[in-house]
1. State whether one or more residues within the range 59-76 are assigned to a loop (DSSP other than H, G, I, E, B), surrounded by fewer than 18 Cβ atoms within 10 Å (Cβ to Cβ) and touching a Cys at 6+ places or on another chain (Cβ under 7 Å).
2. Looking at (1) among the aliphatic types (A, V, I, L, M); (2) in contact with a strand residue (DSSP E or B) (Cβ under 9 Å, 6 or more places away or on another chain); (3) under 20 Å from ASP121 (Cβ atoms), which is the only condition ALA86 fails?
3. Take the conditions under 25 Å from VAL70 (Cα atoms) and part of a loop (DSSP other than H, G, I, E, B) and apply them to ASP95. Does it pass?
4. Could you tell me whether any residue of the range 20-33 is more than 14 Å from ARG125 (Cα to Cα), polar (S, T, N, Q) and at pLDDT below 95?
5. Give me the pairs: first residue in the range 55-82 and under 18 Å from GLU117 (Cα atoms), second residue modelled with pLDDT of 95 or more and among the acidic types (Asp, Glu), beta-carbon distance under 9 Å, and six or more apart or on different chains, which are they?
6. If I filter the range 106-116 down to residues being surrounded by 15 or more Cβ atoms within 10 Å (Cβ to Cβ) and not small (Gly, Ala, Ser), which single residue comes out as nearest to HIS34 (Cα to Cα)?
7. Determine which single condition ALA37 fails, assuming it passes every other condition in (1) surrounded by fewer than 18 Cβ atoms within 10 Å (Cβ to Cβ); (2) in contact with a Ser or Thr (Cβ under 8 Å, 6 or more places away or on another chain).
8. State the number of residues belonging to the range 33-54 that are touching a residue at least 24 places away in the same chain (Cβ under 8 Å), of a type outside the set (Asp, Glu) and part of a loop (DSSP other than H, G, I, E, B).
Amino acid sequence: MTPARQSDTLSNVTSTTRGAEKDTVESGGPDATHTVAVHDGREWHELEVQHGRTLRAVLREYDLSPHGWVTEHVNCDGQGHCSACAVEIEEGADDPEHWLDAFLSGRDLGRLSCQIEVTQDMALRV
């Protein structure tokens, strides 16, 4: 995401914090939180997420599930076998390590949210 686009995007974000208080610490610490901006097809949401959480779990917790109507019930439950939880990462994710995640990413088909740990600020579309 370009800087101009990011500032445009984040100016229309709804901020939400769950779990821990907004107590951002230097990245990597057990108490660190990261900002995850999520576009749900209608609007942007800004989530404060504890370092190391799996993106799929976070999205489901905030009712921003990456799954569609059918795949909400028919999926691999976060095991990285089905690609039903694919999201479009705009910025902030580490390179894929899982074979299916790397395959999809290499073809611009998204990333598996079940294989992404939140380790930095991110922006994505579900």
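1. Yes, the range 59-76 contains a residue that is assigned to a loop (DSSP other than H, G, I, E, B), surrounded by fewer than 18 Cβ atoms within 10 Å (Cβ to Cβ) and touching a Cys at 6+ places or on another chain (Cβ under 7 Å).
2. Failed condition: (3).
3. So ASP95 does not fit the description; no.
4. Scanning the range 20-33, I find at least one residue that is more than 14 Å from ARG125 (Cα to Cα), polar (S, T, N, Q) and at pLDDT below 95, so the answer is yes.
5. The qualifying pairs are LEU55/GLU117; LEU64/ASP40; GLY80/ASP101.
6. In this case the residue turns out to be ILE116.
7. Among (1) surrounded by fewer than 18 Cβ atoms within 10 Å (Cβ to Cβ); (2) in contact with a Ser or Thr (Cβ under 8 Å, 6 or more places away or on another chain), ALA37 violates only (1).
8. Total meeting the criteria: 4.
The values are calculated or read from the model by the stated rules, or taken from the named source; none is laboratory data. It should be emphasised that the depicted structure is a prediction, and the values quoted were computed from it without experimental measurement. Glycine gets a Cβ as well: all are built from the backbone with ideal geometry, and neighbour counts include every protein chain shown.
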